[in-house]
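Report on the structure given below.
The values are calculated or read from the model by the stated rules, or taken from the named source; none is laboratory data. Computed from a predicted structure; not experimentally measured. Cβ placement follows ideal geometry from the backbone for every residue including glycine, while neighbour counts extend to all protein chains displayed. Remember, those area values only see protein heavy atoms, side chains included, never the ligands or the DNA or RNA. Shrake-Rupley method; radii C 1.70, N 1.55, O 1.52, S 1.80 Å.
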Amino acid sequence: MLFLYTLLVHFAGFLIKISALFSAKMKLFVDGRKVVFPFLEQKIKPTDKTVWFHAASLGEYEQGLPVIEKIKEQFPSHKIVVTFFSPSGYEVRKNNSVADVTVYLPLDTQKNAQQFLKLVHPDLVFFIKYEYWPNYLAELKKRQTKTYLISGILRKNQLFFKWYGGFYREALDTFTYFFVQNETSKKLLQHIGKTNVAVSGDTRFDRVATILEKDNSLDFISQFKNNTLTIVVGSSWPKDENLLIEFINSNTLKIKFIIAPHNIKVEQIEQLKNSITKKTILFSEKEGKNLADFDVFIIDTIGILTKIYSYADIAYVGGGFGNPGVHNVLEPATFGVPIVIGPNYSHFAEATALVNIEACMVIKNGDELKETFANLIRNDDIRHEKGHVCGTFVQMNQGATAIILKHILNDPI
């Protein structure tokens, strides 16, 4: 079965190379992997000790960051190696300061797995949340390398739990220990005979809680806000923006809007700006302008949304009208901001929990968005109460990193 799987990976790799001729993102995916092995040879000596963390994309990297930082503290003589599968993760965090080496993960063939592990030769391996690559896991098992899943989340519709999923269940045998987010994941693993599992919770809570300890000030956002009630729209997609534009254009209340779209392509940003009738400015146009004069601020750059949330009175988190669903709700929650999202959130435990405790409000159409915003804008008590519940929720769910570290340090290399 592993042979057939590897053939499929090779075929997928061929298709990806074809698609790279037409897609800038796929070109990054392909070109970035061409230099991985020479780069590893340059950066890692055979005598170096290493710890390897794998993240599918940016969200998983941020999720695993508290553990990466603690492992770096506890194992100062080891080099930290971080791999990404997706360009949207690697291209944003390729110059991060916590890892000694950051690269794309080569496609999951037996040859790639053998060469990668020969060059990296890790003492410890951490897969963050998900992504189970059978060839890499098989090679790690052969090497008897301690391998952990952190902030794992499993669902009964995954192949591991199907009658025909034996090949994938076998891949799970590599893991020394599973640290999962909830009891459902633990029970699913126990049902297939995995007793080396603990509910640690989600390390993202530890990650976002530390945000409050940092300097989140942005002078240009302060100038724009100008002590006015402000709605921050984070990671929006066109389906979100269509509803929001209607509300913004028809709004007669004294409020301001900051929009940080998920996609910042020039043509899409221009289309968004041109569809808004209120006085609007882009981040790229802000120099020399009196930002307090504007009603809408469109952020056509990346990397500052977290800090911008600290200025929000209300947050709208995008993605809830698409698949897989809503983006990160924990960042605005940690600042004690009430949150509004679209209807597709069920795959995200933290969003579901916030909805269940009524700190996060779900809208399905423009009328519901208008009603929800109006209620939060006009009623200070409701807005502050829901924001307080959000902040408390984050604080109460910290501790996953400590649970993981305690186990790792009691199970030495």
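Here are some notes:
- Rolling a 1.4 Å probe over the protein chains gives residue 47 an accessible area of about 120 Å².
- Under 13 Å from the residue 253 label point (7 Å along Cα→beta-carbon), backbone N, the range 366-395: 369-384
- When the trypsin sites (Lys or Arg not before Pro) in the range 328-410 are filtered for DSSP coil states and for at most 13 other beta-carbon atoms within 10 Å of their beta-carbon, the remaining sites are 364.
- With the charge dipole of the range 19-135 set up from +1 on Lys and Arg Cβ and -1 on Asp and Glu Cβ about the Cα centre, the Cα lying farthest toward the positive end among the listed residues 29, 51, 81 is that of 29.
- Projected label points at residue 114 and residue 371, each 7 Å from Cα along the beta carbon direction, are separated by 6.3 nanometres.
- Acute angle (nearest 10 degrees) that the helix 380-396 long axis makes with the longest principal axis of the chain, alpha-carbon atoms: 10
- These residues, 33, 143, go from largest to smallest accessible area, 1.4 Å probe, as 143, 33.
- Think of it as helices only: each DSSP H run of n ≥ 4 in the chain is worth -39500 (n - 2.57), and spread over all residues that comes to -13500 deg cm²/dmol at 222 nm.
- Against the main long axis of the alpha-carbon atoms of the chain, helix 400-409 sits at an angle near 20°.
- Ordering of 262-269, 54-61, 1-8 by packing [mean C-beta count within 10 Å, highest first]: 54-61, 262-269, 1-8
- At full extension, residue 20 and residue 215 could sit 66.2 nm farther apart than now, given 0.36 nm per residue minus the alpha carbon distance.
- Remark: the range 17-201 carries a charge dipole of roughly 340 debye about the Cα centre, counting +1 on each Lys and Arg Cβ and -1 on each Asp and Glu Cβ.
- Selection from 216, 166, 226, by position along the positive dipole direction of the chain (Cβ): 166
- Once all protein chains are placed together, residue 283 keeps about 50 Å² accessible to a 1.4 angstrom probe.
- This model, with +1 at the C-beta of Lys and Arg and -1 at the C-beta of Asp and Glu, gives the range 222-349 a dipole about its Cα centre of some 220 debye.
- Computed about its Cα centre, the charge dipole of the chain is approximately 1260 debye, with only Lys, Arg, Asp and Glu carrying charge at their Cβ.
- Positive dipole terminus of the range 216-397, leading residue within 251, 303, 235 (C-beta point charges): 251
- Gyration tensor (alpha-carbon) shape descriptor, the range 211-305, a/c threshold 1.5: rounded
- Cα gyration tensor shape of the range 17-201, rounded if a/c is under 1.5, else prolate or oblate by comparing a/b with b/c: prolate
- Segment residue 409..residue 268, full-extension length gain: 45.9 nm, with 0.36 nm per residue of separation and the alpha-carbon distance subtracted.
- Shape category assigned to the range 46-113 from the gyration tensor of Cα positions, a/c cut at 1.5: oblate
- Protection proxy ranking, peptides 213-219, 200-206, average beta carbon neighbours within 10 Å, highest first: 200-206, 213-219
- Placing a label point 7 Å from the Cα of residue 100 along the Cα-to-Cβ direction, the residues of the range 64-79 whose backbone N falls under 15 Å of that point are 69, 71-79.
- Rotationally averaged projected area of the range 321-360 (alpha carbon convex hull; nm²): 2.5
- The fraction of accessible area contributed by carbon and sulfur in the range 289-413 is 49 percent, rounded to a whole number (1.4 Å probe; ligands and nucleic acids excluded).
- Going by accessible surface with a 1.4 Å probe and the largest first, 163, 237 read 163, 237.
- Residue order for 185, 250, 310 - accessible surface, 1.4 angstrom probe, largest first: 250, 310, 185
- In the structure shown, the pairs 225/386; 17/186; 70/225 are assessed against 30 Å; a Cα-Cα span above that value is assigned to 17/186; 70/225.
- Cα long-axis angle, helix 366-378 against the chain (0 to 90 degrees, to the nearest 10): 70
- Theoretical gain in end-to-end length, residue 357 to residue 142 [0.36 nm per residue, Cα-Cα removed]: 72.8 nm
- Over 20 Å between alpha carbons, listed pairs 49/118; 25/129; 79/129; 94/142: 25/129; 79/129; 94/142
- Two-site FRET efficiency, residue 279 against residue 242, from Cβ-Cβ distance with R₀ of 25 Å, rounded to 0.05: 0.75
- Between 325, 166, 387, the GNM of the chain built on Cα springs shorter than 10 angstrom shows 166 fluctuating the most.
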